[in-house]
1. Considering the convex hull of the alpha carbon atoms of region 215-302, report its projected area averaged over all viewing directions, in nm², one decimal.
2. With each label point set 7 Å from Cα along the Cα-Cβ vector, what nm distance links S35 and N489?
3. Calculate one ³J(HN,Hα) per residue across region 158-168 by plugging θ = phi - 60° into the Karplus curve 6.51 cos²θ - 1.76 cosθ + 1.60, and present them in order as whole Hz with x for glycine and proline.
4. So who's got an amide H within less than 5 Å of the one on L271, skipping anything under 5 residues away but keeping other chains? H placed 1.01 Å off N, in plane.
5. Tell me, in nm to one decimal, what length is gained between E381 and E176 on full extension, where the rule is 0.36 nm per residue of separation less the Cα-Cα distance?
6. Can you give me the long-range amide H partners of L110? Hydrogens built in the peptide plane at 1.01 Å from N, cutoff under 5 Å, separation of 5 or more residues or another chain.
7. Using the per-residue mean of other Cβ atoms lying within 10 Å as a proxy for protection, in what order, highest first, do the peptides 50-63, 306-319 fall?
8. Using amide H atoms built in the peptide plane, which far-off residues or other-chain residues are under 5 Å from D148 H to H?
Amino acid sequence: MATNTNRYSSYTNASVGSGSDGKNGDKTEKKDLWSSMLDGVASAKRLPEKNIILLGGTVDSQREFFESLSNSELRRTLDRNASRMPPVANSFALGYTYYDVLDADQEDTLARISLFTLTNPSPTFASLLRPLLTPQSIPNTLIVILLDWSQPWKWMRQLREWVLLLRTVLISLSEECKEAMQEVMLSWRDRGRGGGTNLDGTTAVPVSDDSVALPLGPGEWEDGLGLPLCVVSQNAEKMEHLEKTQGWKEEEFDVVLQFMRTVLLRHGASLIYTTPSAPSQLPSLIHSSLGIHSLLKKQPLKHNVIDRDKIVVPPNWDSWGKIRVLREGFDVERVSKGWEADLDHTYPQPHHDGETAENGQTNKENDDDPSEFGEDEYEGEDPEGSSVTLYELAVQDPSMDALQLAGRNTYSTELEVSAEDTQAFLGQQLKILEAFKQKNDETSRGDEHRYKSISKKPREEDEIDDNNYMSRPTPEAKVLEHIGPVQFNMGGIQVDADDMVQRLKDRQAFGSVSEPGTPTEETVVEQAPQMDTENLQAFFHGLMNRRGGAAK
């Protein structure tokens, strides 16, 4: 070690110079001896340093991940001074925080983990991630990608954006870093396959006397990134909301899980579903992936693919056969090849300041606003057989389904509606108003002409031809309609005077006019006794005009 070398060289120099100046030599020897002892104690107490590069999610979801990982609530109960918790600085670009991993007794510190957070998969931020990866830090670094169950239909596209960003960063590293990543990947492939160590720190049982590791299955470790990868799907309690409001069934949840397991199998990555209010194996998975193990209590990591809200898929555990068993009819080979096509496809990217497009023109549209380089960086046509396209066809966005039902030709299918020019809109409204005004004028003129024709007394020859006049009620009829029928009580029977008068008129008219085939007046007189209709009519008129009578 460097400390031992310095102590040995200083001690030799002091011995050689002791003959010339013994007093000064003794002081130098004591000084170097104490400094070397202090350096040795400090190096012995130095904590192992681990790194987590946290990608995706929002500022709040990253904070929830940090709290669930560091057991902040437990520490607050043990520590009276809660302000000692380190702050989380993740509001702008690359964020940072740290925490200490405590042993099972919450006293001994096993390691210190530094978290570097990034919420935007823009290639612009690739330069922020490169300094974090050095030959010394690569063996102690874990990549974590956050997904959310509030929008599971976006998972494959989001995962592809982050993997493409990581590829951009890892390819641009130095040769020393690439050699370190290759060693890390080889050690990860051997974990749990014989001759190495399991994820929980225990020694794997050799599969043979020569300790030869098991061969890789189809689709395993096809696209190793060079760093261990873990995908965390947060807020698994929202699965119940999807089931109640969107009509999701077990088939949809199984399809999502099969797609994710098939894709992550190519990277040798792990997968876990978490719920904020429920305990999970997240700390055990993350800490064991970083090589941090408790000295007092072994915490074995158990896989779980049965409980849909507590899924845990450790690295080097999954296979195509286990994925097919979940639900029949899933083409795992097609999805795996589609993911390879997604990663090898060339996507259009924006041009930064000073860069020139293919047509020779400089693009300065987004030079001054780095926030414009957002989630749309890798947009464009997906390659043929893309697994992202297959996933989005199987797991569709409910809002897009509603828009398709509304019709593609309506404004509801467009995310942005272009507003019409103000003057053009007012011009169209003016035409509508003028047409409406003209229609009202024609109606009013027709009513006025009809009123004049009614106000004139019609001639005898016009009484039959003038339909408007004949259809108009007379003033007398209007008054009678307003007053209502005149009734009186006659012998305990309610009698309508108007009706009785009308009947008398009809009877008199029947006697004066005879139609062919109807009995004549003489016949009626012969068949029925003579009745004095004039006196009866006068009698009923007297009852109607009597002031103190029973008329109503």
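1. Values: hull surface 31.1 nm².
Mean orientational projected area (region 215-302, Cα hull): 7.8 nm².
2. My value for the distance between the label points is 13.1 nm.
3. My calculation for region 158-168 gives 5, 5, 5, 5, 6, 5, 5, 5, 5, 4, 4 Hz in order.
4. When sequence neighbours closer than 5 places are left aside, the close amide H contacts are V231, V313.
5. Values: separation 205, 0.36 × 205 = 73.80 nm, distance 3.61 nm.
Extra length available between E381 and E176 comes to 70.2 nm.
6. So L110 has HN proximity to V101, L102, D103.
7. Averaged packing, sorted descending, gives the order 50-63, 306-319.
8. Q234
None of the figures in this text is laboratory data; all of them are computed from the coordinates on show. Quick caveat, the model's predicted, so the values are computed rather than measured. Because the Cβ atoms are built from the backbone with ideal geometry, glycine has one as well, and the counts that use them run over all protein chains shown.
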